[in-house]
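Everything on this sheet refers to the single structure shown next.
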Amino acid sequence: MAEPVVNPDGPMGQNEGGDATRRDFIHIAAGAAAAGAGVMVAWPLINQMSPAADTLALASIEFDMSKVQEGQQVVIKWQGKPVFVRYRTPAELQKVEAEGAVGSPAQTDAERTKAGHEKYLVVIGSCTHLGCVPTFNAGEYGGWFCPCHGSHYDASGRIRKGPAPLNLIVPAYEYLSDTRVKIG
Amino acid sequence: MSNHESTYVPKTAVERWLDTRLPIVRFGMDYANLPTPRNLNYWWTFGGILAICLMTQIITGIVLAMHYTPHIDMAFASVERIMRDVPGGWLIRYVHANGASMFFIAVYLHMLRGLYYGSYKAPREMIWIVGCVIFFLMIATAFLGYVLPWGQMSFWGAEVITNLIGAIPVVGEPILVWLRGGPAIDNATLNRFFSLHYLLPFVILGCVVLHLWALHAAGQNNPVGILIPKDREKKDTLPFHPYFTVKDGFAIILFFIMFAVFVFYNPNALGHADNYIPANPLVTPAHIVPEWYMLPFYAILRAVPDKFGGVVAMFAAIGVLFVLPWLDTSKVRSMRYRPTMKTFFIIFLFVCFGLGWCGAQLPDAPVVPGMPSFNLIDGQLNSYLWLTRFLTIYYFVFFIVLMPLVGLKEKPLLIPATISEPVLPTTEAEKV
Amino acid sequence: MNNEKKMSFRKIIACAVAAAGIVAVASPALAAGGAKHPRDGGFSFNGPFGTFDQGQLQRGYKVYREVCSSCHGMDHVHFRNLGDKHGPFWNPAYPNPNDNPVVKALAKEIQVADIDSETGESLMRDATTADKFPNPYPNATAAAAGNGGAAPPDLSVMAKARHDGANYIYSLLSGYVAPPKGLKIAPGQNYNPYMSGDLTPFWEGKGPAPKGGFIAMPPQLTNGQVTYDDGTEATVDQMAKDVAAFIMWTSEPKMVERKQAGFGVLIFLLMFAGITYASYRKIWKGVAH
């Protein structure tokens, strides 16, 4: 019996020889649309892990510099990270200024502070190597020493020895008054 | 079908290497070439649709769990944060919330298809039973998930449903306290519900693998309902790919159009406004109703005047499905050839809708306002209470009485000898 | 064969419609109760292409700030949200709403409680864009105690927490009427025909009990109470409508984004369906089934 069992051209029209391209087009288009749908679905699933609007809106903080004693530092928390506010002694200040541009990248101390407020240094207290919090007043350069992998920073927060690739990062901040700073 | 031989021949050295160690390509190819009855209609596409539904729920659920906080003081706010602050969070949450309803629409149609075409009958009893397990797990998962946003309906739904367990004589009360982790629904309850809501979908996934394994072993049913003889296999089947991948794919897209209309244009239509009120253990909403997909079972629960009896009836309504393969005495699978049973099936369909409708009404409210009525035992005859009872009785009679009885008494129509017969031109069919 | 195919199509469409139908009838069946059906506020955000009217949202914010916020919190709304896309003070020049000067200024007008970062003492400071709208009460107990036992509900998602939310809020706020004769009203309660409830136990008049219920909140709006910046006349009806629109926005701030995304998704799905159907027809061409 002659049953029309299957499409004589084959289900995809592939048995018809030279005409295949045109016949395949619709299947390719359907496949492409399916792939496009996959990408469109994937995007929101990936993007949802980006910082949320409330995280992005995290407030800046204000800080009163007069709370820091000479030769000491105060650690404050800003956007989940420690920030070092250091009031340097005249001897420390003289030393870091005399050294000129050092560290990585080479920077003078003046490039890392605000004019008129040179004695205060504000840096993010997280080692540029792998993120540990460096210890205050330790290491060979009298600044900070990172206990995790032995990076030495000077009193200007510049990397002088050890595996850390960069100087301690100076966050964006401004003086609102003579003693009040706004970080962020 | 059942004893279908693998036709995969690895061509390259790499394929041969892999095939002897992990024959995953062979597995995929065998599935793609699976001989599938050529007469499957669109009712058979709900299996594929359900697979997509499950994946959608699992993936969006994992994403939501990254942002959700299972704590009574923070759960509601964390859901609102998902809706407002998480990039695209509103979309993911609405897909997950409406996805549950879509899942149930698809599963009910899938079950009704199985019921109509006798897909539960030998040799496919295990496919059906595993399917019933999946359905039960789906209800549990949906219930647990509905508690998580910690709105008023979440809280009071959890209160009412866990109290069902307390209806069990003697052991009910201690089990209830154990289940809740305290004398009332509280933080401990929310935490364990979250944990279980995360777990159960993977149990469902495992059951789906068993469901498909059983399907592969017994072979697919088809609208005619006859088994395909070995010598007819070539003529009566088509390879799954591309014939049924494209058919399922098309149905899935149509299904997603409906899904998208809900998600983007009416995302809260299937929910209840009270669930946007944070849970308050001191105030009960005026009218507690479960989600629509539980309404028929909720109606059966309320139809029985005794608390424990109601619980038994509700679980029996699901439990009766498990023994259905042995209740049906008919030799014929498809109701296409069982006109008597078909009529009862259509009534059953209306009864199910009716039960769902009743589940959303106040039991004492009149069905036809203003119609004269009289008191029957414990309520007006013209009330949803009594309508629910009549419908509940039919629900059970359909399975327990009609299934065995009609199978023995009815005279089925003539069944085609092959599944090709009804689809081929008459002259061809006559030759066969 | 063609006929059969058409049949199955019709079936599938019929079943989709039926499914949607059950769902549609099953869920809202329990809404209103004994309350009057809300009046239609004729809002701009109705319909599949409806968007928020920015001027209305700004007026609504003013009503909320000057009238509602003395009793009702909005715990899920932040000042920065006011400058979000499609929000009341959205300005395309400031894609980051925290930079929007209008939003910053509005935040600054409000005092919020905070802890002094150095002394740890509590203090009040100007709000910033990152702050939530402050709650007028320190906790729910204080809110209830200050209002005769009925804590004013949070309004963040109020338009979704009531059936037909925006119309309901509009109708309720502008719908206070003198109670019908024969209605016993307890002290601290007010009659409103749009409030849900059952007044039968309190009804001594003729005929069936009136529609509506008791609400602890007395009428709040009077003509001219707020001075709108855009010169719109501040009638009770106008203010009720504006604040209802504002609450609709706080309840569903992503509504416009959602509808716009949905339009694209549906167009894509329809085209995808068309292409797949063509592919399906080609594959099944000449195959009896």
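Summary table
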| quantity | calculated |
| --- | --- |
| Exposure proxy ranking, count of Cβ atoms within 10 Å, fewest first, for C:His78, B:His216 | B:His216, C:His78 |
| Calculated log₁₀ intensity ratio I(q)/I(0) where the Debye formula runs over C-alpha points of chain C, q = 0.07, 0.11, 0.13 Å⁻¹ | -0.40, -0.81, -1.01 |
| 5 angstrom amide H check on B:Asn221, placed H, neighbours 5+ away | none |
| Potential lengthening between A:Glu70 and A:Lys161 on full extension [0.36 nm per residue; Cα-Cα distance subtracted] | 30.2 nm |
| Among B:Phe136, B:Asn268, B:His216 - extreme Cα towards positive end, dipole of chain B, charges at beta-carbon | B:His216 |
| Angle in degrees between helix B:125-147 and the longest Cα principal axis of chain B, rounded to the nearest 10 | 30 |
| Using θ = phi - 60° and Karplus 6.51 cos²θ - 1.76 cosθ + 1.60, couplings along the range B:8-20 (whole Hz; Gly, Pro as x) | 6, 10, x, 9, 8, 4, 4, 4, 5, 4, 5, 5, 7 |
| Cut-off under 5 Å, modelled amide H: who pairs with C:His78 long-range | C:Phe133 |
| Overall dimensions of chain B by Cα: Rg and Dmax, Å | 24.3, 83 |
| Lysines with Cα under 28 Å of B:Lys331, excluding same-chain neighbours fewer than 8 positions away | B:Lys121, B:Lys230, B:Lys234, B:Lys235, B:Lys342, B:Lys409, B:Lys411, B:Lys431, C:Lys11 |
| Ranked C:Ser122, A:Ser156, A:Ser104, B:Ser101, criterion: other C-beta atoms within 10 Å, fewest first | C:Ser122, A:Ser104, B:Ser101, A:Ser156 |
| Förster-model FRET efficiency, 56 Å R0, A:Ala138 and B:Tyr265, C-beta, rounded to 0.05 | 0.35 |
| Cβ-based exposure ranking for A:Phe84, B:Phe46, B:Phe353, in which fewest neighbours within 10 Å come first | B:Phe353, A:Phe84, B:Phe46 |
| Two-site FRET efficiency, A:Ala110 against C:Asp229, from Cβ-Cβ distance with R₀ of 51 Å, rounded to 0.05 | 0.60 |
| The range B:25-67 and the range B:188-255: distance between their alpha carbon centers, rounded to Å | 7 |
| Tensor-based shape of the protein assembly as shown (alpha-carbon gyration tensor, a/c under 1.5 rounded, otherwise prolate or oblate) | oblate |
| Rounded to 10°, Cα long-axis angle of helix C:2-26 versus longest principal axis of chain C | 20 |
| Mean-position separation - Cα centroids, the range C:98-157 and the range A:29-63, in angstrom | 30 |
| Loop sites in the range C:185-244: trypsin sites (Lys or Arg not before Pro), DSSP, at most 12 other Cβ within 10 Å | C:Lys206 |
| Inter-label distance, nm, simple model (7 Å from Cα along the C-beta direction), B:Ile24/B:Glu5 | 2.8 |
| Long-range amide H partners of B:Thr36 with built H, under 5 Å | B:Leu238, B:Phe240 |
| Ellipticity estimate at 222 nm from DSSP helix runs (n ≥ 4, -39,500 (n - 2.57)) divided over the protein assembly as shown, nearest 500 | -15000 deg cm²/dmol |
| Nearby lysines by direct alpha-carbon distance to A:Lys114 (threshold 22 angstrom, same-chain neighbours under 8 apart not counted) | A:Lys67, A:Lys77, A:Lys81, A:Lys95, A:Lys182 |
| Residue-wise HN-Hα coupling along the range A:128-136, computed from phi with Karplus coefficients 6.51, -1.76, 1.60 (Hz; x: Gly, Pro) | 6, 6, 10, x, 6, 8, x, 7, 6 |
| Folded to 0 to 90 degrees: helix B:152-166 orientation relative to chain B principal axis, Cα | 80 |
| Label point 7 Å beyond Cα of B:Phe396 along Cβ direction - residues of the range B:283-319 with amide nitrogen under 20 Å | B:295-319 |
| Karplus (6.51, -1.76, 1.60) ³J(HN,Hα), θ = phi - 60°, over the range B:169-177, in Hz, Gly and Pro reported as x | x, 6, 7, x, 4, x, 5, 4, 5 |
| Distance violations [Cα-Cα > 30 Å] among C:Lys259/C:Lys282; A:Lys119/C:Lys132; C:Lys62/C:Lys160 | C:Lys259/C:Lys282; A:Lys119/C:Lys132 |
| Listed residues C:Ala240, C:Ala143, C:Ala261, most fluctuating in chain C (Gaussian network, C-alpha, under 10 Å) | C:Ala261 |
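Here, each number is a calculation from the coordinates, and none is a lab measurement. Quick caveat: nothing in here was measured; it's all calculated off a predicted structure. Counting neighbours? That spans all protein chains shown, and the Cβs are built from the backbone with ideal geometry, glycine included.
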